[in-house]
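Engineer: Sharing a structure, written as structure tokens. Questions coming.
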Amino acid sequence: MNDFVFHSPTKFVFGRGYADRTGAEMKQLGFEKVLVVYGQGSVVRTGTLARVLASLDEAGVAYVEAGGARPNPEVTFVRQAIALAREHEVTGILAVGGGSSIDAAKAVSFGVPYDGDVWDFFAHKQPIDNCLPLAVVLTIPAAGSEGSGSCVISNDAENRKLGVSGDAFRPRLAIMDPELTFTLPAYQTAAGITDMIAHICERYFSGVGSVPLTDDIACSIIRTLIKQAPKVLANPNDYDARANVMWAGTLAHNDLVGCGRSLSPTVRAGGWESHALEHELSAHHTEVTHGAGLAVILPAWMRHVWRHDEKRFLAFARDVFDIEPAEGYESYRDAVHDAVTAAIDELKGFFASIGMPTRLRDFGLTEDDIEPMLETLRTNKGEPFGAFMPLTIEDARAIYESAL
Ligand code: NZQ
Ligand code: ZN
């Protein structure tokens with residue numbers, strides 16, 4: 001087990017009806033006047049925003065609203081929200097929504113105290129030390145941003161989607177009320193579950209050998225998601241299934257499943273190859289839902305790299321899908337090949353079974369769309385990139401082509 005720092009400063013307040021506690025919890029933590037950041041209207045339609053604002057009123061927390069963060073949030077919205085936050089001299093931020101609203105809110109939280117343009121942080125990847133405190137009310141379990149030290153923002157003018165990392169902007173408070181997720185469309189529910197599994201896999205295939213405790217937790221969360229997914233899709237109001245999925249989303253990405261797996265104690269475990277490849281997809285095609293993009297990219301990446309460390313993939317096959325190399329093969333290599341590819345097929349089949357796309361063509365992409373993604377990938381990641389098997393741009397091309 002490698003050395004690690006596990007920093008999870010968020011207070012998670014988890015339970016039925018807990019959206020109504022938002023104001024009281026925030027007041028207790030010292031929030032006085034906040035910018036409320038939300039998305040493109042789901043929280044208005046579901047009544048969640050009204051409930052949260054009522055709880056702020058009741059607790060005496062003042063607020064200004066900034067609605068309109070789109071999925072794959074864009075820096076223009078962030079800049080406008082920063083201006084609004086400054087104009088009203090807010091001292092904290094509250095996000096009500098999913099990863100897109102939360103990431104927009106995170107960018108506002110470190111953009112407000114900074115004199116320059118907030119995109120500087122994404123372009124130069126400067127460390128971020130100074131932030132307004134952030135609270136969130138989560139409405140979709142997926143990105144794990146409620147507990148993560150990541151923030152991902154798109155810049156349409158530059159066809160880029162970049163992330164920054166840091167502990168300073170991890171939320172102080174996350175209100176997690178599984179009932180808020182009953183209204184999720186099936187596609188978003190499934191894309192969220194896919195994203196969680198990808199967050200675990202990025203750390204599991206980190207280029208570090210086995211760390212039994214961390215690996216068992218990781219595989220157990222994946223197995224839980226595979227079991228609970230059909231339940232939430234069949235019955236969107238199944239509280240227990242929704243609750244398990246919601247908490248899984250946080251644990252998949254608050255670095256618990258990376259403990260002991262990073263190369264340096266202060267650097268997140270994993271090479272995040274599939275995320276790098278997907279971020280180019282949703283940067284160039286902003287309508288692509290992040291998790292749905294990963295449903296296509298992650299299995300394609302696995303097929304490309306598994307031979308680099310087949311023992312690791314055999315452990316994954318055994319611990320997630322109960323698949324072992326079968327007896328009766330003339331060569332053990334063939335048995336390994338079939339076991340690993342069966343596990344990758346199972347994973348891809350699971351994504352398909354919950355309604356996720358299986359090919360890039362499902363998003364309307366053709367061969368012509370690959371080169372532009374490779375160009376920005378080269379700028380954003382350099383070459384080679386990743387940790388499990390460092391990827392060249394030609395590897396990336398092969399993965400995109402195999403996923404077409
Ligand atoms: O915009 P609104 O109207 O709110 O609708 C949203 C959006 O259309 C809707 N929705 C959310 N909660 C709902 C609901 N609809 C009905 N009922 C509810 N309760 O769902 C759609 C997706 O929301 P979004 O916030 O975009 O989803 P998600 O949480 O998947 O966030 C995706 C973004 O997070 C980034 C992704 O790249 C993407 O930009 N990521 C952030 C990470 C992080 N900060 O740690 C890590 C991830 O790997 C990821 O990259
Ligand atoms: Zn993700």
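The values are calculated or read from the model by the stated rules, or taken from the named source; none is laboratory data. From a predicted model like this one, the values you see are computed outputs, not experimental measurements. Here Cβ is always computed from backbone atoms with ideal geometry, including for glycine, and neighbour counts include all displayed protein chains. Accessible surface is based on the protein model in full, side chains and every heavy atom, while ligands, DNA and RNA are left aside. Shrake-Rupley method; radii C 1.70, N 1.55, O 1.52, S 1.80 Å.
Engineer: Taking θ = phi - 60°, what integer Hz values does the Karplus form 6.51 cos²θ - 1.76 cosθ + 1.60 yield along segment 12-29, in sequence order, with x for Gly and Pro?
Structural biologist: Couplings: 9, 10, 10, x, 4, x, 6, 4, 6, 8, 3, x, 4, 5, 5, 4, 4, 8 Hz.
Engineer: In terms of the Cα gyration tensor, with a ≥ b ≥ c the square roots of its eigenvalues, is segment 12-115 rounded because a/c is under 1.5, prolate because a/b exceeds b/c, or oblate? Walk me through the numbers on the way to the answer.
Structural biologist: Working: a/c = 1.88, a/b = 1.26, b/c = 1.49.
It is oblate, given that a/c is not under 1.5 and a/b is not larger than b/c.
Engineer: Can you tell me the orientation of helix 332-353 relative to the chain, as the angle in degrees between its alpha-carbon axis and the longest Cα principal axis, to the nearest 10?
Structural biologist: It is inclined by approximately 30 degrees.
Engineer: Take the alpha carbon gyration tensor of segment 329-404, find the square roots of its eigenvalues, order them as a ≥ b ≥ c, and report rounded if a/c is under 1.5; if not, report prolate when a/b exceeds b/c, else oblate.
Structural biologist: On the way: a/c = 2.51, a/b = 1.36, b/c = 1.84.
Oblate, since a/c reaches 1.5 and b/c is not below a/b.
Engineer: Could you tell me the relative contact order of segment 333-404? Use alpha-carbon pairs under 8 Å, at least six residues apart, and round to a whole percent. Each step should come with its number before you reach the end.
Structural biologist: Numbers: 34 pairs, mean separation 21.9, N = 72.
Value for segment 333-404: 30 percent.
Engineer: Let me ask another. Length gain on complete extension for the stretch E394 to L263, per 0.36 nm per residue less the alpha carbon to alpha carbon distance?
Structural biologist: Values: separation 131, 0.36 × 131 = 47.16 nm, distance 2.53 nm.
Full extension of this stretch gives 44.6 nm more.
Engineer: Which of E280, E65, E371 ends up with the largest GNM mean-square fluctuation for the chain, with Cα atoms connected below 10 Å?
Structural biologist: E371
Engineer: Rank A342, A326, A174 by mean-square fluctuation in a GNM of the chain with C-alpha springs under 10 angstrom and give only the top-ranked residue.
Structural biologist: Looking only at A342, A326, A174, the biggest GNM fluctuation is shown by A326.
Engineer: Assuming a strict under-27 Å limit between Cα atoms, what lysine pair count do you get for segment 189-403 once near-sequence pairs (fewer than 8 apart, same chain) are dropped? Spell out each step's value before the answer.
Structural biologist: Numbers: K227/K311; K227/K348; K231/K348; K311/K348; K348/K381.
Qualifying lysine pairs in segment 189-403: 5.
Engineer: Report, please, the projected area of segment 1-68 averaged over directions, based on the convex hull of its C-alpha atoms, in nm². Don't skip to the answer; put the middle values down first.
Structural biologist: Details: hull surface 26.9 nm².
With every direction weighted equally, the projected area is 6.7 nm².
Engineer: How far apart, in nm, are the 7 Å Cα→Cβ label points at R307 and E327?
Structural biologist: Placing both labels 7 Å beyond Cα along the Cβ direction yields 2.9 nm.
Engineer: Could I ask something else about it? Could you give the angle, 0 to 90 degrees to the nearest 10, between helix 186-204's Cα long axis and the longest principal axis of the Cα atoms of the chain?
Structural biologist: 60 degrees
Engineer: So what is the 222 nm mean residue ellipticity for the chain from helices alone, if each DSSP H run of at least 4 adds -39500 (n - 2.57) and you divide by all residues, rounding to the nearest 500 deg cm²/dmol?
Structural biologist: Values: 15 runs with 195 residues, N = 404.
After summing the helix terms and dividing by the residues of the chain, the value is -15500 deg cm²/dmol.
Engineer: A further question follows. Under 10 Å, Cα contacts only: if you run a Gaussian network model on the chain, which one of S55, S353, S150 comes out with the highest mean-square fluctuation?
Structural biologist: Of the options given, S353 has the highest mean-square fluctuation.
Engineer: Still on this structure: Using DSSP to call loops (not H, G, I, E or B), can you name the GluC sites (Glu not before Pro) in segment 375-404 whose Cβ has at most 14 other Cβ atoms within 10 angstrom? Working shown, then result.
Structural biologist: Working: sites: E375, E394, E401; in loops: none.
Loop-located and lightly packed - none at all.
Engineer: Work out, in µm²/s and without decimals, the Stokes-Einstein translational diffusion coefficient of segment 335-375 at 20 °C, 1.002 mPa s, Rh from Kirkwood over C-alpha pairs. Before the final figure, lay out the partial values.
Structural biologist: Values: Rh = 12.2 Å.
Stokes-Einstein gives a translational diffusion coefficient of 175 µm²/s.
Engineer: Moving on. In terms of the Cα gyration tensor, with a ≥ b ≥ c the square roots of its eigenvalues, is segment 259-330 rounded because a/c is under 1.5, prolate because a/b exceeds b/c, or oblate? List each step's numbers first, then the result.
Structural biologist: Values: a/c = 2.67, a/b = 1.46, b/c = 1.83.
Judged from the Cα gyration tensor, segment 259-330 comes out oblate (a/c at least 1.5, b/c at or above a/b).
Engineer: Now a separate question. Can you list the lysines whose alpha carbon is less than 21 Å from that of K27, not counting same-chain residues fewer than 8 positions off?
Structural biologist: K11, K106
Engineer: Same structure again: Can you send over the carbon and sulfur percentage of the accessible area for segment 17-176, probe radius 1.4 Å, protein chains only?
Structural biologist: Details: 2760 of 5800 Å².
C and S fraction of accessible area: 48 percent.
Engineer: On to the next question. Rolling a 1.4 Å sphere over the protein heavy atoms, what is the accessible area per residue of the chain, to the nearest Å²?
Structural biologist: Numbers: 15850 Å² over 404 residues.
Result: 39 Å² per residue.
Engineer: How big is the Rg/Rh ratio for the chain, C-alpha atoms only, Rh by Kirkwood, two decimals?
Structural biologist: Values: Rg = 20.7 Å, Rh = 21.4 Å.
The Rg/Rh ratio comes out at 0.97.
Engineer: How big is the accessible area of M1 in square angstrom, nearest 10, if you roll a 1.4 angstrom probe over the protein chains?
Structural biologist: 140 Å²
Engineer: Over all directions, what mean area does the Cα convex hull of segment 200-349 project, stated in square nanometres?
Structural biologist: Working: hull surface 40.9 nm².
Mean projected area for segment 200-349: 10.2 nm², to one decimal.
Engineer: Follow-up. In nanometres, what is the gap between the two model label sites at A24 and D240, each 7 Å from Cα along Cα-to-Cβ?
Structural biologist: In this crude label model, A24 to D240 measures out at 2.7 nm.
Engineer: Report the gain in length on full extension from T366 to L213: 0.36 nm times residue separation, minus Cα-Cα distance, nm rounded to one decimal. Let's see the in-between values first.
Structural biologist: Values: separation 153, 0.36 × 153 = 55.08 nm, distance 4.24 nm.
Gain on stretching T366 to L213: 50.8 nm.
Engineer: Also: Please name whichever of H275, A300, F121 sits farthest to the positive end of the charge dipole of the chain, dipole taken about the Cα centre and charges placed at Cβ: Lys and Arg +1, Asp and Glu -1.
Structural biologist: Sorting the options by dipole projection puts first F121.
Engineer: OK, next. Return the FRET efficiency for the residue pair L374, E89: r is the Cβ-Cβ distance, R0 is 30 Å, and the value is rounded to the nearest 0.05.
Structural biologist: Values: r = 45 Å, r/R0 = 1.49.
In this case the efficiency is close to 0.10.
Engineer: In whole percent, what relative contact order does segment 17-176 give with Cα contacts below 8 Å and a gap of six or more residues?
Structural biologist: Dividing the mean separation by the residue count of segment 17-176 yields 24 percent.
Engineer: First measure r as the distance between the Cβ atoms of E65 and K227, then evaluate 1/(1 + (r/R0)^6) with R0 = 25 Å and state the FRET efficiency to the nearest 0.05. Intermediate values should be presented prior to the final figure.
Structural biologist: Values: r = 39 Å, r/R0 = 1.55.
The computed FRET efficiency comes out at 0.05.
Engineer: Another one. Enter the Cα centre distance for the pair segment 88-108 and segment 17-42, rounded to the nearest angstrom.
Structural biologist: Here the answer is 10 Å between Cα centres.
Engineer: Per the 1.4 Å probe, what fraction of the accessible area of segment 189-403, in percent, lies on carbon and sulfur atoms?
Structural biologist: Values: 4060 of 8360 Å².
Looking at segment 189-403 in its full context, I get 49 percent from C and S.
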